[in-house]
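Reading through the C-alpha cells given below for one structure.
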Ligand code: IVH
C-alpha cells in the first residue's frame, strides 16, 4: 500500500511549486509592464504582497528556489575583481561616417557587393551612447552578462546585470523567437538623462565627483564590484542585435528587434525605421537628429543596417566591423573653445551670476558663445579661469555649461577667478550672505537690479503688462523715467513717443495696457513686488491667511511663520521688505495711481501645476510635515504615506528612511526640500 502521508506531502509540494510558479509569473509580468513598458497595471501594495509571499515560500521550501526567480535580484556579495568572459562570437564595432557623401558610398558598396542596382531596404536605428553588453539566455534563463571588452573577451558583470530591472531574468516564450533555447542578446546599458542628473546632484551634495556625462555614469555603474551600488544607479538596457540564436530564426533585423520585444527584452524598435533606400535613410537620420534632445536618453548618431539577415551574412565582416552596417554620427553636443573673459550679470535680488564669454563655437549645429558658470563654488570646483580652454556641453535648449577645463593648456600667468567684491553695474559692495551660494549687490536702487525688478513686475505671471518688454524697460531705467515699479503708472503718451521706435499708436497701446493691469488679485500683486523668496505660491498662502497686503505688512516674523509653508527666511524677507520706507512709499504711490486689488476665490487658486500630483515625504524637513502637506494640497496635489508606483515625487529631507530606497527602485522622482520649495513656489 502507498504511504498516504508521503502522497499527501508530494501533492502538497506540487501545489506549492505551482503556487510559486504562479507568483513568479505574476511578478515577472508586472515587472515587465512596469519597467519595460512604463505601463503598470497593479498597485504597489498588490505587487509587494505577492513578492513577500513568494519570498516566504522560497524560504520555507529552498528546494524550489530557481536562479531566474524575481527574488534573485536581491542580495549578491561584492566581488574582489571581475572574471573574464569569452563571447561565443566576436562583438564587432561599427565604422563611423559623418557626411552624406559617405552614406552614398556605403550604399553603393553594399549594392555592388550584392550585385544589385535595386534600392536596398535598411533599418535605421538610433545609436545609443552607452556601454555595449552581451546577455546569454540558456533555455530562457539569463546565465551571464558581459561587457564587450576587446570584442572577444570582456568582463563578467552578471551579478550587476541582474540588478537592472529592465533586463528579465527569464524570457517570455512569445512570438517569433519563442522557441529559442540559446540566444546571445546584444545591446546597450545606459542611463536616462533624468537619472543621470539626479545621480550627479546627489554626488555633488555628498561631496563625490560628478560624472561628465550619462555614458561615463553608466560605464562606472556597471563596473562596480559591489552589485548593491549598481542596483541604486537606475541603469536601463535596450537591445540592438544578437550573437548566437539556436532553436529559432528570423529573416530581418526588424523582425529580430520585434522578436526580442516579444521575449520581454526592450529593444531599439521604437525609434527605428525601415527605409526603402538611401534617401529615406537620410530622412530618418535627420528626424533622429532633430528629436535627439527630446529623447529621455542620449544618442550620438544613427546606425544603418541592411535589413535582410541573409544579405548581412552574404556581405560578411571586415576585421572589426560588419560590411552590412555603418554608424552615421551626429555633430557632437560637446565642443572645445576658449573663455575670452568672465562677465557678471546682476539679477533682481542682486545676485551676481558669472557668465563665460567664449570664442564662438558650433555645438551640435548651434553657435554658442556664452556659458553659465552658476556661482563661486561651481567655479572653484572646476577651477575655471579667464583664458582657459574648456570643454562645453549643450543639452536641449538650456544655456551651455562648462564640463571641464583643459588645465594642461593653461599658461603660467593664469590665476583663479573670483567673482568681484563690488557690483559690476553700480559699484556698491557685493557680499556673500551666510549659508548662500551667491554673492549679492545690496544696493536696492542699483540700475541692474531695478531693470530686473521692473521686468519681473511687468511679466506675464505678475502684473501682466502687455507690450512692456525687456528692451523698453531698459530704456525707461537708462533714461531715468522709471525708478521704481510705481513710476510705470505715471508714464504719459507724450513721454513715450520721445523714445526710440515708439510711435503714437504703440505708445497709446502701452498706456492702455498699463491701465488695464491695475485691476489685479492681491496675491498676484504681492508676487509682483519681487520680495526675495516670495514666489507665486508663497504670495497666495500669505494672502489667503491674512486677507490683504496691509495686514501682511503689519505682521512680525513670528506671526508670518504661523502660516503653513512660510519658513523663517521667507518671513524675515517679508518683514525686511515692508519695513523699508522706500518700499512702503512705493506701494502707497501704486495705490494712489489706482491699483485695485481683489481676493482671488480660494477654489481657483487651488488649481495649479501640482493638480493630481502625489507626494510622499521622508526624513526630517525644516518645516513641519503637516505644513508641507498643506502646501501640496493648496496647489491641488495630494500627500501619501507610502511610496507606490503612482507616487509622483518623494521629498527627501535629512536622514531619509527606507522610502528613498523604494522610490529609487520604482523610479519615482526624488527631490530635495529646496527643490520641493521651488516646485511649490514657497521660496522662489
Ligand atoms: S549594432 C555589428 N546598433 O555602438 C553591429 N550598435 O560602435 C554592432 N551601438 O559596440 C552593433 N547603438 O555598443 C548597433 N542601434 C545600434 C547601436 C549600437 C549603439 C553601439 C554598440 C557598438 C558600438 C559600435
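No lab work stands behind these numbers, since they all come straight from the coordinates. This one's a predicted model, so the numbers in the text were calculated from it and none came from an experiment. Note: ideal-geometry Cβ built from the backbone for every residue, glycine included; neighbour counts use all protein chains shown.
Building the convex hull from the alpha-carbon atoms of region 525-596 and averaging its projection over directions returns 4.3 nm². In region 477-602, the alpha-carbon atoms span a convex hull of 113 Å³ per residue.
Counting only alpha carbon atoms, the long axis of helix 536-546 and the longest principal axis of the chain meet at about 60°. Cα centroid separation, region 517-554 to region 648-672: 32 Å. Taken along its principal axes, the alpha carbon cloud of region 408-542 reaches lengths of 59, 41, 28 Å, longest axis first. Taking only alpha carbon atoms, region 336-396 gives an Rg to Rh ratio of 0.98, where Rh is the Kirkwood radius. The modelled label-to-label distance for the pair residue 548/residue 338, using points 7 Å beyond Cα in the direction of Cβ, is 6.3 nm. Hydrodynamic analysis of region 237-337 uses the Kirkwood radius over alpha carbon pairs. Inserted into Stokes-Einstein at 25 °C and 0.890 mPa s, it gives a translational diffusion coefficient of 162 µm²/s. Every Cα-Cα pair of region 198-260 was included, and the share exceeding 20 Å stands at 47 percent. Measuring nothing but alpha carbons in region 136-227 and taking Rh as the Kirkwood radius, the Rg to Rh ratio lands at 1.05. Could you work out the pair-distance distribution P(r) of region 127-172 from its alpha-carbon pairs, with 10 angstrom bin width and percents rounded to whole numbers? Once binned at 10 Å, the Cα pair distances of region 127-172 give 27, 52, 21, 0. With the Kirkwood sum run over all distinct C-alpha pairs, the chain has a hydrodynamic radius of 29.7 Å. For residue 25 and residue 150, what does the FRET efficiency come to when R0 = 30 Å and r is the distance between their Cβ atoms, rounded to the nearest 0.05? So the FRET efficiency works out to roughly 0.15.
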